[in-house]
């Protein structure tokens with residue numbers, strides 16, 4: 001369920017790990033979950049200053065007829 005919540009959060013805007021943790025009110029396993037999502041090519045990342053922000057690799061992952 002955490003991965004689905006991460007995908008939904010990233011559908012709104014790119015976020016850093018700490019921003020994702022704040023959004024989900026969790027501090028543990030976010031990095032691990034992001035690593036899995038990256039391996040599946042669902043999310044990508046880009047460095048912005050000192051932070052790495054994650055975003056959806058393909059916005060078509062989230063559609064209006066969302067079945068999550």
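Bear in mind these aren't lab numbers, they're just calculated from the coordinates by the rules spelled out. Everything numeric here is computed off the predicted structure, so don't read it as measured data.
Per residue of the chain, the DSSP helices (runs of n ≥ 4 H) give a summed -39500 (n - 2.57) that works out to -12500 deg cm²/dmol at 222 nm. The angle between the Cα long axis of helix 2-12 and the longest principal axis of the Cα atoms of the chain comes to about 90 degrees, rounded to the nearest 10. Considering only the Cα atoms of segment 2-59, their convex hull presents on average a projected area of 3.5 nm². Full extension of the chain between residue 47 and residue 59 yields a length gain of 2.4 nm, computed as 0.36 nm times the residue separation minus the alpha carbon distance. Normalised by the residues of segment 2-59, what does the relative contact order come to in percent, with Cα pairs under 8 Å and at least six apart? Rounded, it is 39 percent for segment 2-59.
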